[in-house]
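Notes to accompany the following structure.
The values are calculated or read from the model by the stated rules, or taken from the named source; none is laboratory data. Nothing here was measured: the structure is a model prediction, and the numbers come from that model. Here the Cβ positions follow ideal geometry from the backbone for every residue, glycine too, while neighbour counts run over all protein chains shown. SASA here: full protein model, heavy atoms, side chains in, ligands and nucleic acids out. Shrake-Rupley method; radii C 1.70, N 1.55, O 1.52, S 1.80 Å.
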Amino acid sequence: MAVRTWLMILFLVFMMMQKGKGQLSETFYRTSCPKVESIVRKVVTEKINQTFVTIPATLRLFFHDCFVEGCDASVLISSPNGDAEKDAPDNLSLAGDGFDTVIKAKTEVEKSCPRVVSCADILTIATRDVIELAGGPSFKVELGRRDGLISKASRITGNLPDPNFNLTQLNTMFAKNNLTQTDMIALSGAHTVGFSHCSRFANRLYSFSPSSPVDPNLDPTYAQQLMQACPQNVDPRIAINMDPATPQTFDNMYFQNLVAKKGLFTSDEVLFTNKASQATVIDFANNPGDFSGAFVTAIRKLGRVGVKTGNAGQIRVDCTAFNS
């Protein structure tokens, strides 16, 4: 009996050790690179002072990275053949300021802690920082990710939400990444500081249906404003704010806009028009604290998607290239 008990204890200790190897931790760099978060914060702050686009660009970069191959900085890889993740059609609109933020932060971190901190972790820290510096919630990040070894444009299809998705399609895609409907709605709130090219929602203005060219779920005054900003055959480079009220503040205005029929994408407005998600939207619109709490929970969960830890992956020296 004693032998069996001893073996059981050894097994449990072994399992705990294995679990520890593969876990993220808020204190992962406490001894190996204790100043990593302050170094990244300084770079992010300087970058935001240069251009506000840093905020939505970094946020969107993080989301697109985590939903394809997991949070492993695979979206940062540049390929001479133009076939890396960033080259996929759905990623061509990722603003360069997001990439630049991570690359600059990595350069500074390498000066203090060479070959220690992953690009995936730097992107995670930078994402937390842009949220907080835009007026959003403050929270701790879990660290210990390693950088992925795969980055292919061909692996994007079917892994990123489309602006025309309905609620079922959104829930299905987020569930694949262990995210609930509430997580999905909360993360959609990041559109409060987002921007979009006109082509992503033009169908709601000009070709919604044979009987109604304009989507009836779009506030008529807002629709007119969008038409002025995005006339037909507009320059494809033109982008507009997704939150017409407080576009440079991370707040719950996105949800107030949805209630007022001012959601830009079909996939935004459906969160309010569908009864299955409407109550959550109304709660977030009326209670900023509820939104902030749900958002922090959701983005921390997002940061755990498909992570490489322990001996998996690598710590890239250059975020845009696999180590040689």
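The list (1) 64, 54, 33; (2) 76, 50, 36; (3) 65, 44, 37 gives values of Cα extents along the principal axes in Å, and only one came from this structure; which label was calculated from it?
Only one option fits the structure, namely (2).
Pop the C-beta distance of Ser212 and Ser154 into the FRET formula with R0 = 35 Å and round what comes out to the nearest 0.05. Mind dumping the intermediate values first?
On the way: r = 37 Å, r/R0 = 1.06.
The pair Ser212/Ser154 has a calculated efficiency of 0.40.
Taking the Cβ-Cβ separation of Ser138 and Ala279 as r and a Förster radius of 35 Å, what is the calculated FRET efficiency to the nearest 0.05?
0.80
How high is the relative contact order of the chain, given as a whole-number percent (alpha carbon pairs under 8 Å, six or more residues apart)?
For the chain, the relative contact order is 25 percent.
Ser292: accessible area at probe 1.4 Å, nearest 10 Å²?
Accessible area, nearest 10 Å²: 40 Å².
Which entries of Lys106/Lys140; Lys86/Lys261; Lys261/Lys301; Lys152/Lys261; Lys140/Lys176; Lys86/Lys308 show an alpha-carbon separation above 27 angstrom in the structure shown?
Lys86/Lys261; Lys261/Lys301; Lys152/Lys261
Any idea of the accessible area per residue across segment 167-303, 1.4 Å probe, to the nearest Å²?
Spelled out: the 1.4 Å probe surface of segment 167-303, per residue, equals 45 Å².
Taking the Cα centroid of segment 117-147 and of segment 163-195, what is the distance between the two, rounded to the nearest whole Å?
Cα centroid of segment 117-147 versus Cα centroid of segment 163-195: 20 Å apart.
Only helical DSSP H runs with n ≥ 4 go in: add -39500 (n - 2.57) per run for the chain, normalise by residue count and round the 222 nm mean residue ellipticity to 500 deg cm²/dmol.
-14500 deg cm²/dmol
Carbon-plus-sulfur fraction of the accessible area of segment 33-155, 1.4 Å probe, in percent?
51
Kindly report, to the nearest 10 Å², the accessible surface of Tyr206 as traced by a 1.4 Å probe over protein heavy atoms only.
Its heavy atoms expose roughly 60 Å² to the probe.
Find the Rg to Rh ratio for segment 112-200, where Rh is the Kirkwood radius over alpha-carbon pairs and Rg uses the same atoms.
1.00
To the nearest 10 degrees, how steeply does helix 2-21 sit against the main Cα axis of the chain, on a 0 to 90 scale?
Around 50 degrees separate the two axes.
Amide H of Phe195: which non-local residues (sequence gap of 5 or more, or other chain) have their own amide H closer than 5 Å, using H built in the peptide plane?
For Phe195, whose amide H was placed from the backbone, the distant partners under 5 Å are Met242.
Can you give me the angle between helix 220-229 and the longest principal axis of the chain, using Cα atoms only, in degrees from 0 to 90, rounded to the nearest 10?
Orientation of helix 220-229: about 80 degrees from the principal axis.
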